[in-house]
Amino acid sequence: YALSPMLLNAADSAVPQERVRLFIIATRSKHPIALRLFKRDHVPASSFIDFHAGQWAPVVHSKRKAATLARVAAGRARFGDRFLMPYYGSGSGLTGRCLSRPIGTITTKDRWAVVDGDRMRMLTKEENRAAMGFPGTYKLPSAPKLALHMLGNAVCPPQAHDVLKALSEAL
């Protein structure tokens, strides 16, 4: 087999998530093939955030950790009242990310929180599904933890489509 390794960002396939993955295309050819993948416009996280969904909680309450409050304060200073942030300190560092750009990688664990003024919550499984590029009709397990585990392990469907289309055109 001839191997063609490629690092691809899901955001380049119009998925509202920046997720870089290694794809290795193996063909029974003398030389590796080059795929023509076109970069599409990036889709912002605001496209899937539903400010009427989820279980909101006050940003400031007795059980909130100081590190979380520091990330909220840094995010507010940089992005204003509405933004995304890594809840457990991973992902976009200490400040989070604005809603006008794609979210960071959706993992198998609940990592991303949305902040709206003085309230915050974790993303819903439906928001995570949309961030992965799955259609709203795609059925997920009823348990949010299992749904997120499956989504975090998945390849974003629009990205898989782009790779397979480019592969079929190259052969």
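The values are calculated or read from the model by the stated rules, or taken from the named source; none is laboratory data. Because the structure is predicted, anything quoted here is derived from the model rather than measured. We place every Cβ from the backbone using ideal geometry, glycine too, and count neighbours over all the protein chains shown. These accessible areas exclude ligands, DNA and RNA; they are computed on the full protein's heavy atoms, side chains included. Shrake-Rupley method; radii C 1.70, N 1.55, O 1.52, S 1.80 Å.
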**Fill in**
Helix-only [θ] at 222 nm, the chain, -39500 (n - 2.57) per DSSP H run of 4+, per residue, nearest 500, equals -8000 deg cm²/dmol
**Complete:** Quick calc, Lys145 & Ala170: beta-carbon distance into FRET formula, R0 41 Å, rounding 0.05, result 0.55
**Message:** As an exercise, use a Förster radius of 25 Å and the Cβ-Cβ distance of Ser100 and Ile24 to find the FRET efficiency, rounded to the nearest 0.05.
**Reply:** 0.15
**Complete:** the chain accessible area per residue, 1.4 Å probe, protein heavy atoms, integer Å², reads 57 Å²
**Prompt:** Which value, in debye to the nearest 20, describes the size of the charge dipole of the chain about its Cα centre when Lys and Arg Cβ atoms bear +1, Asp and Glu Cβ atoms bear -1, and nothing else is charged?
**Reply:** 400 debye
**Asked** With a sphere of radius 11 Å drawn around the Cβ of Trp112, what net charge do the other residues whose Cβ falls strictly inside it have (Lys, Arg +1; Asp, Glu -1)?
**Response** +2
**Item:** Under 15 Å, Cβ to Cβ, from Arg97 - net charge with Lys/Arg +1 and Asp/Glu -1
**Value:** +3
**Item:** Solvent-accessible area, 1.4 Å probe, carbon plus sulfur percent, for the chain
**Value:** 57 percent
**Prompt:** What distance in nm separates the simple spin-label points at Asp41 and Arg64, each placed 7 Å from Cα in the Cβ direction?
**Reply:** 3.5 nm
**Fill in**
In the list (i) 32, 17, 14; (ii) 27, 19, 14; (iii) 35, 16, 14, the entry giving semi-axes √(5λ) of the Cα gyration tensor in Å computed from the coordinates is (iii)
**Prompt:** In a shell of Cβ-Cβ distance under 12 Å around Thr137, excluding Thr137 itself, what net charge do Lys and Arg (+1) and Asp and Glu (-1) give?
**Reply:** +1
**Stretchable slack from Thr137 to Thr108, in nm (0.36 nm times residue separation minus alpha-carbon distance)** = 8.4 nm
